[in-house]
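Undergrad: I have a structure here, written as structure tokens, and I will follow up with some questions on it.
The values are calculated or read from the model by the stated rules, or taken from the named source; none is laboratory data. Here the structure is a predicted model, which is why all the values come from computation and not from measurement. Glycine gets a Cβ as well: all are built from the backbone with ideal geometry, and neighbour counts include every protein chain shown.
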Number of protein chains: 2
Amino acid sequence: MERASLYEYLSRISRLLMAEERSGREALPAVQMAALHYLNRCNRYSDTPASVADYLAATKGTVSQTLRALENKGLIERHADANDGRVVHLAPTRAGKQLLRAEIPPPAFRAAEAELGNDDRDQLRELLETLLRGMQRSGQISSFGVCRTCSHFRRLGENRFQCGLTEERLTPADSEKICREHAAYATGAND
Amino acid sequence: MERASLYEYLSRISRLLMAEERSGREALPAVQMAALHYLNRCNRYSDTPASVADYLAATKGTVSQTLRALENKGLIERHADANDGRVVHLAPTRAGKQLLRAEIPPPAFRAAEAELGNDDRDQLRELLETLLRGMQRSGQISSFGVCRTCSHFRRLGENRFQCGLTEERLTPADSEKICREHAAYATGAND
DNA sequence: GCTTTTAGTTTCGACTCGAAACTACATAGA
DNA sequence: TCTATGTAGTTTCGAGTCGAAACTAAAAGC
């Protein structure tokens, strides 16, 4: 009773997703969308070209070009770092954020997601997270998770958090952002 | 308790998957892999450039170039159609099939899939299929499913099948292939 | 027979991609 | 302090993706 493999479903969904992103009214190549979306979701230690490269699993050279394209379109801004003259911080402009709200996720995906019940949606999300963490572990890739799901995340009290790595205090808003230093909890499988 | 959205997990997994495909020993761009994989899985009515374009959600112009690249690498072959002088049939060469076996799915994905239990894997597959069908319905995209899951598929007896659309007899091997005329069963949602 | 449709290719310009060379700044060591 | 060595980021190159539009050739419709 073999129908199609997990791999086939995922490749197919990802192709349809990419095609839809490109075809939107204010269309952007899928990589540019992904970079913009990341920059809108990451914390202040993870908004650099190097982080974007890591996140997108691309080289820094490739990412440099993608970021140039986004800047030329007025969708992101660059800011020099105060302490380190080499590093650049990136942030979506107002136009960039607006584009994200309008275009992501694309309509057919939104519709298909809505047709799934709440239970199925949650379950699918959980299974995909497991799969993703597995791939990251096997491929030696940084996990890039949301701060509050990190093993360094500490709860000091009501709405008072701290990062066990940098010892820094975190606001509730901080704790919802994506961090490049994110460490997944061990799952018993490997390591 | 918002962690990451379904969309985020899927984009992220698809980026990692594409990156891994490109980085393999006999690496190929992800689109070329997808085209080659499709041509190895489709039936004799679905092995044309037009079908590949439909399947990949790309234009025929784009696909024409991708197919040229695959042919130049000796991974696919072209055959003229006997009845219609316009149509071209495509098939993976021996080298093409061998490359598929070696490179697909990529190692980190294989590992992550293996870590999932059998139950989780089946469930994930089912949820992804539902999501995919939903996207195809909303986006007016052909479903491109495996023959035996088609609403035109008829069982005549033990190992004897027939296509209700072309009236043609089907072997068990035929029934496992991907068909561009595939029609999904209605699911009660839309139409 | 003539028009329209369909299958496929070609060309264009913007973009992706990795590799490698490069600039500029930071840091460690003698 | 001077000199590696390392790190952040950019540039350039060649192969490839991508859609749009122009194009060829064969079929189908009338």
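Undergrad: Given the conditions (1) away from DNA strand D (no atom under 13 Å from the Cβ); (2) touching a residue at least 60 places away in the same chain (Cβ under 8 Å); (3) within 11 Å of chain B (Cβ to nearest Cβ), and given that A:L36 satisfies all but one, which numbered condition is not satisfied?
TA: Among (1) away from DNA strand D (no atom under 13 Å from the Cβ); (2) touching a residue at least 60 places away in the same chain (Cβ under 8 Å); (3) within 11 Å of chain B (Cβ to nearest Cβ), the lone unmet condition for A:L36 is (3).
Undergrad: Sticking with this structure for a sec: Scan the stretch B:58-71 and give yes if some residue there is within 13 Å of DNA strand C (Cβ to nearest atom) and either within 27 Å of A:D119 (Cα to Cα) or at the interface with another protein chain (Cβ under 8 Å from one of its Cβ atoms) (or both), otherwise no.
TA: Let us first name the residues in the stretch B:58-71 that are within 13 Å of DNA strand C (Cβ to nearest atom), namely B:58-71.
Within this subset, residues satisfying the condition of being either within 27 Å of A:D119 (Cα to Cα) or at the interface with another protein chain (Cβ under 8 Å from one of its Cβ atoms) (or both) are B:58.
Checking the stretch B:58-71: at least one residue is within 13 Å of DNA strand C (Cβ to nearest atom) and either within 27 Å of A:D119 (Cα to Cα) or at the interface with another protein chain (Cβ under 8 Å from one of its Cβ atoms) (or both).
Undergrad: Can you go through B:S11, B:S5 and tell me which one is of a type in the set (G, A, S), within 12 Å of another protein chain (Cβ to nearest Cβ) and within 13 Å of DNA strand C (Cβ to nearest atom)? Step through it out loud before you land on a result.
TA: On the way: B:S5 fails: within 13 Å of DNA strand C (Cβ to nearest atom).
Criteria check complete, one pass: B:S11.
Undergrad: Checking the conditions here, which among A:H79, A:H89 is assigned by TED's automatic domain parsing to the domain that holds A:L39 and surrounded by 13 or more Cβ atoms within 10 Å (Cβ to Cβ)?
TA: Exactly one of A:H79, A:H89 is assigned by TED's automatic domain parsing to the domain that holds A:L39 and surrounded by 13 or more Cβ atoms within 10 Å (Cβ to Cβ), namely A:H89.
Undergrad: Please verify whether B:E103 is within 16 Å of DNA strand C (Cβ to nearest atom), within 14 Å of chain A (Cβ to nearest Cβ) and of a type in the set (D, E, K, R), treating the condition exactly as stated.
TA: Criteria met by B:E103.
Undergrad: Oh, and also: Please count how many residues of the stretch A:18-35 are surrounded by 18 or more Cβ atoms within 10 Å (Cβ to Cβ) and within 10 Å of DNA strand C (Cβ to nearest atom).
TA: 8
Undergrad: In the stretch B:50-147, which helices (runs of 4 or more DSSP H) lie fully inside it and hold 1 or more residues that are under 22 Å from A:D122 (Cα atoms)? Walk me through how you get there before you give the answer.
TA: Working: elements: B:60-72, B:94-103, B:107-115, B:118-138.
Qualifying helices (runs of 4 or more DSSP H): B:107-115, B:118-138.
Undergrad: I'm trying to understand the selection: among the residues of the stretch B:7-46, which are farther than 17 Å from B:A111 by Cα and in a loop (DSSP other than H, G, I, E, B)?
TA: B:R25, B:E26, B:A27, B:L28, B:P29, B:N40, B:R41, B:N43, B:R44, B:Y45, B:S46
Undergrad: Given the criterion surrounded by 20 or more Cβ atoms within 10 Å (Cβ to Cβ), under 19 Å from the mean Cα position of the chain (by Cα), modelled with pLDDT under 90 and among the polar types (S, T, N, Q), identify the matching residue among B:Q140, B:Q136. Break it down stepwise before answering.
TA: Values: B:Q140 fails: surrounded by 20 or more Cβ atoms within 10 Å (Cβ to Cβ).
Testing whether each residue is surrounded by 20 or more Cβ atoms within 10 Å (Cβ to Cβ), under 19 Å from the mean Cα position of the chain (by Cα), modelled with pLDDT under 90 and among the polar types (S, T, N, Q) leaves just B:Q136.
Undergrad: So, in the stretch A:39-55, how many residues would count as being near DNA strand D (Cβ under 10 Å from one of its atoms) and away from every other protein chain (no Cβ under 12 Å)? So that I can check it myself, show each step before the final result.
TA: Going residue by residue through the stretch A:39-55, those that are near DNA strand D (Cβ under 10 Å from one of its atoms) are A:47-54.
Keeping just the survivors that are away from every other protein chain (no Cβ under 12 Å) gives A:47-51.
Here the count works out to 5.
Undergrad: Would you mind stating whether B:G96 is within 18 Å of the chain's Cα centre (by Cα) and not aromatic (F, W, Y)?
TA: Values: within 18 Å of the chain's Cα centre (by Cα): yes; not aromatic (F, W, Y): yes.
Here the answer is yes, as B:G96 does meet what is asked.
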